[in-house]
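Asker: Handing you this structure, nothing more for now.
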Amino acid sequence: MTTPAQTENTVFPPSAETVARAHVDAAKYEEMYNASISDPDAFWGEHGKRIDWIKPFTTVKDVNYNFGDVAINWYADGTLNVAANCIDRHLETRGDQTAIIFEPDDPNETAQHITYKQLHGSVSRMANILETMGVRKGDRVIIYLPMIPEAAYAMLACARIGAIHSIVFAGFSSDALAARVNGCDAKVVITADEAPRGGRKTPLKSNVDAALLHCKDDVKCLVVKRTGGQTTWIDGRDFDYNEMALEASDYCKPAEMNAEDPLFILYTSGSTGQPKGVVHTTGGYLVYAAMTQEITFDYHEGDVYWCTADVGWVTGHSYIVYGPLANGATTLMFEGVPTYPDASRFWQVCEKHKVNQFYTAPTALRALMGQGNEWVEKCDLSSLRTLGTVGEPINPEAWNWYNEVVGGGRCPIVDTWWQTETGGHLMTPLPGAHAMKPGSAMKPFFGILPVVLDPQSGEEISGNDVEGVLCIKDSWPGQMRTVWGDHERFQKTYFADYKGYYFTGDGCKRDADGDYWITGRVDDVINVSGHRMGTAEVESALVAHAAVAEAAVVGYPHEIKGQGIYCYVTLMNDREPSDELLKELRTWVRTEIGPIASPDVIQWSPGLPKTRSGKIMRRILRKIAENDFGALGDTSTLADPSVVDDLIENRANKG
Ligand code: WTA
């Protein structure tokens, strides 16, 4: 795999047809971008009107980026309801239009087309059920569901009554789930009996049962029937969604929420062992998600739009549910995986539902590219107009394959760079405005002021053809507001290192033309198959095992996953390395966190390279994992330099 940044100099301008159709062409981009930067209040005041307000806002931006006093407010005196924006306001004009297409894991199971009217009924019923269970405005609800329509109902039902949802990806283990239930003190967990995926089933309800053993006694569980594979049931604690939905009223009045009331919490990984609860609020988030969905993908009325992410990640929040539904789009929810029953699945779904915009992760493209072109070529992909990628840098091979084989050279590719924290895209080419460069996130979205800082001095580096850490100079409406229950941590994580800026944790280059290239994380976060993971989380899981004395985890280049998980493990004195123990540790991490954190390589390491003050030198461990022994740098500050020779000699030849 070639590294992404700037290995490819070919530029792909949009076709005349794309430019003619696009909401935003090159001139309009310049005009709008300049307006958004020179007068953010006027710009966002205008675009804030794209959603419906109960009480219109009279203030737009009220932001303080100063460390110690960080406070971010947008449209602060406006009131609205997100569910009403995503459903009710469309009823008159597009009540019978499909809001959600549900494509099940098994292609033989019938797809569902849920109209806006039906969505209104289902969301209202779910909202009324939650109220019956005692959920009130401001309460937290955990959603641990497969990619089924009920996941969207659950999100919108919470939004309707003003409850704050926190989705836990269905691939997380019961331990990870319990930590999140407790972290936000949730009242209810919404789950399903089982999650079918790729022909296999994950026992979600059993995971919830195990998790709730570690939570407060009064946490209730609402269970959606998906497969019928339910086993245990605790009366009084467990509630049957399907039964209650038969009785529940299909009308629920949307609660009037303040623009700055929290809409959801989403736990994400950082440099420390504990995932943090990223808080997004109601008004600014919705404006930003909706606007980026429309403009980045060049979405037009009547289009069928498909984002293949899971609602467990931020991409699913902004670009499966909130953005598209606020725009009255038809959004596709896919329960399965790209390779089941075979490597043609994505493309068959595109053909079947005549998808116009398709948004996926580079890891999926790399996996599919390896299966050969015939899986794509046998499908009719003529409906496709815009292709998108997200989650990690895309390497030029995968970009070219996406462009030529999937897009037939006709479709612009939007390489969207953003984060859980940012709520929506911060940098991306726009289909009709920018000539694309494979692997480049190109240009800032409206209102975004990216700056490249010198990592040592923290000074802004001006001019082009420069590299450094990526910060954002000013706020935008979709920005996270705080870390749930820990505003201090919010400030320390994002505003302490480079005062006066939002620090993204990513490195970047600004090329000679002024276009941006993301070079990857500069902190201890790795990106495995587009899933963000803190190396510290995996380390904490490993050292929690009785046989492990110490562990250090780094990322290393992986053909398909982008980055793999490489673990250096020092065992307790009385333990010997063995294949059994290796397997046991893998299973252990899967149980502690989830299958996505499964170590790719475990290297037994009698010693780890440390400075004399005891700090592990990860830089060296990264180099060894990358098989790049020539560039170890200065090892003279190590307490025991011979440790490094030992690690190189025994470098695991796997992965
Ligand atoms: C990385 C996902 C390069 C980046 C929406 C970021 C990317 C982290 C891209 C956030 C991209 C995301 N090119 N890198 N187009 N998109 N990233 O919070 O390192 O799961 O900081 O949000 O993914 O991951 P998260």
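The values are calculated or read from the model by the stated rules, or taken from the named source; none is laboratory data. Quick caveat: nothing in here was measured; it's all calculated off a predicted structure. Cβ: placed from backbone, ideal geometry, glycine included. Neighbour counts: every protein chain shown. For the accessible areas, the whole protein counts, side chains as well, though only heavy atoms, and no ligand, DNA or RNA atoms are used. Shrake-Rupley method; radii C 1.70, N 1.55, O 1.52, S 1.80 Å.
Asker: Take residue 488 and tell me if it is more than 30 Å from residue 587 (Cβ to Cβ) and assigned to a helix (DSSP H, G or I).
Answerer: Yes; evaluated as a whole, the condition is true for this residue.
Asker: Let me ask something else about it. If you scan the range 293-326, which residues turn out to be under 12 Å from residue 169 (Cβ atoms) and assigned to a helix (DSSP H, G or I)?
Answerer: If the condition is that a residue be under 12 Å from residue 169 (Cβ atoms) and assigned to a helix (DSSP H, G or I), then 314, 315, 316, 317 are the ones that fit.
Asker: Are any residues in the range 223-233 touching a residue at least 24 places away in the same chain (Cβ under 8 Å) and out of contact with any Pro (no Cβ under 7 Å at 6 or more places or on another chain), and if so, which ones?
Answerer: Within the range 223-233, 223, 224, 225, 228, 229, 230, 231, 232 meet the criteria.
Matching residues to (1) assigned to a strand (DSSP E or B); (2) free of Cβ contacts under 8 Å to residues at least 60 places away in the same chain:
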residue	(1), (2)
560	no, no
568	yes, no
603	yes, yes
613	no, yes
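Asker: Now for a separate question. Open to solvent by less than 30 Å² (accessible area, probe 1.4 Å) and in the same structural domain as residue 563 (by the TED database): which single residue out of 613, 605 fits that description?
Answerer: Just one listed residue meets the conditions, 605.
Asker: A further question follows. Evaluate the range 199-210: report whether one residue or more is over 30 Å from the mean Cα position of the chain (by Cα) and in the same structural domain as residue 142 (by the TED database).
Answerer: no
Asker: Moving on to the next point. Can you tell which of 519, 504 is near the ligand (Cβ under 9 Å from one of its atoms), modelled with pLDDT of 90 or more, assigned to a strand (DSSP E or B) and surrounded by fewer than 20 Cβ atoms within 10 Å (Cβ to Cβ)?
Answerer: 519 is the lone residue from the list that is near the ligand (Cβ under 9 Å from one of its atoms), modelled with pLDDT of 90 or more, assigned to a strand (DSSP E or B) and surrounded by fewer than 20 Cβ atoms within 10 Å (Cβ to Cβ).
Asker: List the residue pairs whose Cβ atoms are under 6 Å apart, where the first residue sits in the range 388-412 and is of a type in the set (D, E, K, R), the second is open to solvent by less than 30 Å² (accessible area, probe 1.4 Å) and within 15 Å of the ligand (Cβ to nearest atom), and the two are 6 or more positions apart or on different chains.
Answerer: Here the result reads 392/362; 392/530; 392/562, each pair linking the range 388-412 to a residue that is open to solvent by less than 30 Å² (accessible area, probe 1.4 Å) and within 15 Å of the ligand (Cβ to nearest atom).
Asker: Any idea which residue in the range 416-429 is farthest from the ligand (Cβ to nearest atom), counting only those that are in contact with a Lys or Arg (Cβ under 9 Å, 6 or more places away or on another chain) and polar (S, T, N, Q)?
Answerer: Top of the filtered list is 428.
Asker: Kindly indicate whether any position in the range 226-248 is open to solvent by 20 Å² or more (accessible area, probe 1.4 Å), within 16 Å of the ligand (Cβ to nearest atom) and part of a loop (DSSP other than H, G, I, E, B).
Answerer: no
Asker: How many residues are within 23 Å of residue 521 (Cα to Cα), part of a loop (DSSP other than H, G, I, E, B) and hydrophobic (A, V, I, L, M, F, W, C) when one looks only at the range 619-655?
Answerer: So the answer is 1.
Asker: Given 461, 413, which one is among the β-branched types (Val, Ile, Thr), surrounded by fewer than 24 Cβ atoms within 10 Å (Cβ to Cβ) and within 15 Å of the ligand (Cβ to nearest atom)?
Answerer: Only one candidate passes the filter, namely 413.
Asker: Still on this structure: Specify which of the listed residues (432, 514) is buried (at least 22 other Cβ atoms within 10 Å of the Cβ) and more than 16 Å from the ligand (Cβ to nearest atom).
Answerer: None of the others qualify; the one that does is 432.
Asker: Within the range 441-458, count every residue that is open to solvent by 40 Å² or more (accessible area, probe 1.4 Å) and in contact with a Lys or Arg (Cβ under 9 Å, 6 or more places away or on another chain).
Answerer: 1
Asker: Could you please tell me which pairs satisfy a Cβ distance under 7 Å, a separation of 6+ or placement on different chains, a first residue in the range 26-46 that is of a type in the set (S, T, N, Q), and a second residue that is open to solvent by less than 30 Å² (accessible area, probe 1.4 Å)?
Answerer: Hits for this filter: 36/43; 36/446; 36/447.
Let's see how each residue does on (1) under 29 Å from the mean Cα position of the chain (by Cα); (2) among the β-branched types (Val, Ile, Thr):
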site: 605; (1), (2): no, no
site: 610; (1), (2): no, no
site: 622; (1), (2): yes, no
site: 631; (1), (2): no, no
site: 635; (1), (2): no, yes
site: 643; (1), (2): no, yes
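Asker: Could you run through the range 387-410 and say how many residues are within 15 Å of the ligand (Cβ to nearest atom) and not in a loop (DSSP other than H, G, I, E, B)?
Answerer: The number of residues fulfilling the criteria is 8.
Asker: Please count how many residues of the range 454-480 are of a type outside the set (Ser, Thr, Tyr) and farther than 16 Å from residue 426 by Cβ.
Answerer: Going through the range 454-480 one residue at a time, the tally reaches 13.
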